[in-house]
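The values are calculated or read from the model by the stated rules, or taken from the named source; none is laboratory data. Because the structure is predicted, anything quoted here is derived from the model rather than measured. Glycine gets a Cβ as well: all are built from the backbone with ideal geometry, and neighbour counts include every protein chain shown. All accessible areas refer to the heavy atoms of the entire protein, side chains included, with ligands and DNA or RNA removed. Shrake-Rupley method; radii C 1.70, N 1.55, O 1.52, S 1.80 Å.
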Amino acid sequence: MATRDVTPAEQYDHWRHWIDLGDIVSVTGEIVTSKHAELSVHVSDWQMAAKCLSPIPDLHSPFRDPDARVRNRSLDLIVNRDSMDMLLRRSRGVRAFRDAFDALGYTEVETPMLQAVHGGASARPFKTHINAYGMDLFMRIAPELYLKRLAVGGMQKVFELNRNFRNEGADATHNPEFTSLEAYDAYGDYLTMRDLTREVLLAVARAVNGGEFAERPRPDGTIERVDLSGQWPTIPVHEAVSRACGVLLTSASSRDEVAAVCAAHGVDAPREKSAGELVVELYDELVEGQTMFPTFYIDFPVETSPLTRAHRGDPRLSERWDLVAFGAEIGTAYSELVDPIEQRKRLTEQSLKAAAGDVEAMSLDEAFLSALEYAMPPTGGLGIGVDRSIMMMLGAPIRATLAFPFVRPQG
């Protein structure tokens, strides 16, 4: 607050002449209360700390265009307090992930992001080239195969929270580079990882929102709190698909039976896909996007889970779950496949699909398969999308929760 009766005349004139909205100033003066009861510094001396050369929107010209906000994140953070709040809450959530796994005795590691062979998930990778060795490399799509090699070496509780890269475009729930957490627990299985996941995500909710709830925006702009503290349903995939289509499908259903259900619901059923793969197509179309409250969908067809142990009660299924909330997959977990012979068979099948043109199929990773031959203990493995988890807690699209989301260049 600069006034003629307190601020020296020269300082007052310079203030009125040189100061613009957005400037950063260093001020000396007495702390007082203005006539509107606002705590202020009554200027007796001041210096320009940093000059703002670009115009800043004032309170009457809000900066609200979503695309402009992510293209000019610095201005967005200056003008929109909700953007700063979002990133601060994300930071608390990421810290809560680390704290939760540390408290459970897990060791955090870092594994290579540049890989000679891409694997660990079904996704299209980014390619790059290393000049020093004259060879092509891939940006990793998942750290899974390296973390399993550490598990073989004796790291019984291990996790990594870091970046992955998938060449699959960008939308409200996807960014080409994203943060995920993977964890492996020797002598656990997919059910123990299910219980751990709920416990960890509730800790994240407490860190981000101050309680065990998720925030969801209502059409009128108010915020609904969804209580997460109760039990989260666990539903077999075939049961969920049967409910959605009104036709009973099981792991024993033939391809023709499943294809007929696909046709009835307008779901594409390529000839090369098996009954189990078509069941997952139905799940993707009719179940995942319609699921609001956090739900574990378990026991996927074995042919859709090449890194997962076959189900202990039905060899046509795998011991795998996907956690879905508010229409998006949040995480997945397996009872890991540790048989090196069966793993080689499945990865060979994947490599044949890749050779036939499937850009998301995995390659044969000999270093990983060789490591498995030293014996990997029965293990529960978990992957959680950190970005997706924060989105779930805040009820926001992925762009709002990232400091610098990918945006298409202008022009």
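Pairs of Cα atoms under 8 Å, at least six residues apart: use those to get the relative contact order of the range 303-411, whole percent. List each step's numbers first, then the result.
Details: 127 pairs, mean separation 25.6, N = 109.
The value is 23 percent.
In the list (1) 30, 26, 20; (2) 63, 24, 16; (3) 50, 25, 21, the label attached to semi-axes √(5λ) of the Cα gyration tensor in Å as derived from the coordinates here is (3). Summarising the label geometry, the points placed 7 Å from Cα in the beta-carbon direction at Val247 and Asp339 lie 3.2 nm from one another.
At a Förster radius of 35 Å, what calculated FRET efficiency corresponds to the Cβ-Cβ distance of Met292 and Asp23, to the nearest 0.05? So, using R0 = 35 Å, E works out to roughly 0.15. Using the alpha-carbon atoms, what tilt in degrees (0 to 90, nearest 10) does helix 190-209 show relative to the longest principal axis of the chain? Helix 190-209 and the main axis of the chain meet at about 10 degrees.
In this structure, the amide hydrogen of Thr107, modeled 1.01 Å from its nitrogen in the peptide plane, lies closer than 5 angstrom to those of Lys157, Val158, Phe159, counting only residues at least 5 positions away or on a different chain.
Under 19 Å Cα-Cα from Lys353, which lysines qualify once same-chain neighbours fewer than 8 residues away are excluded? Those lysines meeting the cut-off are Lys127, Lys273, Lys345. Computed from the C-beta positions of Asn80 and Lys127, the FRET efficiency with R₀ = 30 Å rounds to 0.20. Sequence-ordered 3J(HN,Hα) estimates for the range 22-35 from the Karplus curve with 6.51, -1.76 and 1.60 and θ = phi - 60° stand at x, 5, 10, 10, 9, 10, 10, x, 7, 7, 9, 10, 6, 5 Hz, glycine and proline given as x. Qualifying GluC sites (Glu not before Pro) in the range 1-103, where qualification requires a DSSP coil assignment and no more than 10 other C-beta atoms within 10 Å, comprise Glu38.
Taking all protein chains as present, what is the carbon and sulfur share of the accessible area of the range 241-285, in % to the nearest whole number, probe 1.4 Å?
Values: 1150 of 2400 Å².
Answer for the range 241-285 is 48 percent, counting heavy atoms of protein chains only.
For the range 179-195, the residues whose amide N sits under 19 Å from a probe point set 7 Å from the Cα of Glu108 along the beta carbon direction are 179-185. Note on Ser44 and Ala170: with the Förster distance fixed at 60 Å, the Cβ-Cβ geometry gives a FRET efficiency of about 0.70. Think of the chain as a dipole: +1 on every Lys or Arg Cβ, -1 on every Asp or Glu Cβ, centred on the Cα centre; then among Ser74, Asn167, Ser34, Ser34 lies furthest on the positive end.
Just the number, please: Stokes-Einstein D of the range 199-310 in µm²/s, Kirkwood Rh from C-alpha pairs, 4 °C, 1.567 mPa s. Don't skip to the end; give the middle numbers.
Numbers: Rh = 16.1 Å.
Calculated translational D: 80 µm²/s.
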